[in-house]
């Protein structure tokens, strides 16, 4: 549910590694982190504020006024509030996943099943959309190519990153897949016309679990 009490149309994407995306939001309408932050702050369904209101509130706090003066040489204003949030957002990268360590040359980082999952990920064609440093996030794609996948609108979506995907249920733009196993089966069927066996699903999920990285030395975790 949104801040205004209405139903939000999109499943909230993770902010981890969002600085590596080429566009922002499921529809990719926002081109910069700055525009994404502004849109989130002022969208009535998300934060439901305005930058003028936020600026006024922050300026009532003497500690925040001093912090902004130290960082920017002036009190909080619309521009430096957005810049502060973006600057923080750029720190939210999560390296050192098992897959990262394997790519860096640690041959023991992945188990045999996880390697099988990686080979399936490539041979089935998942990698054609989920690729690059963010394992996705760098192109648009039509969903429901062979079979319906989730809610039909919008038809064209930004491909999400798969980093930390094991920690971010539910899945898809409408949040309709409750588990990673369910999402893998549905994606293979809808996008690749592939009906996966249970062992194939297990191997792919095993590989996707290797994409969970670390933030400040601690493994990323989902909600308890």
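Laboratory data are not the source of any read-out in this text; all were calculated from the coordinates shown. This structure is a prediction, so every number in the text was calculated from the model and none was measured. Methodologically, a virtual Cβ is constructed for each residue, glycine included, from the backbone with ideal geometry; neighbour enumeration extends over all protein chains shown.
Put the Cα centre of region 111-172 next to the Cα centre of region 180-219 and the gap is 9 Å.
Calculated [222 nm] ellipticity per residue, helices only, for the chain: -11500 deg cm²/dmol; basis is -39500 (n - 2.57) per DSSP H run with n ≥ 4, divided by all residues, nearest 500.
FRET efficiency for the pair residue 216 and residue 155, taken as 1/(1 + (r/R0)^6) with r the Cβ-Cβ distance and R0 = 41 Å, rounds to 0.60.
Express the C-alpha Rg of the chain as a ratio against the empirical globular expectation 2.2 N^0.38 Å, rounded to two decimals. Computed over Cα atoms of the chain, the ratio equals 1.15.
Between residue 141 and residue 53, the C-beta separation translates, for a Förster distance of 35 Å, into a calculated FRET efficiency of about 0.40. Summarised as an ellipsoid, region 98-214 has semi-axes of 23, 15, 13 Å, derived from the eigenvalues of the Cα gyration tensor scaled by 5 and square-rooted, with the largest first. Structural descriptor for the chain: relative contact order 23 percent, calculated from alpha carbon pairs under 8 angstrom and at least 6 residues apart. Taking 0.36 nm per residue of separation and subtracting the current Cα-Cα distance, fully stretching the chain between residue 22 and residue 72 would add 15.3 nm.
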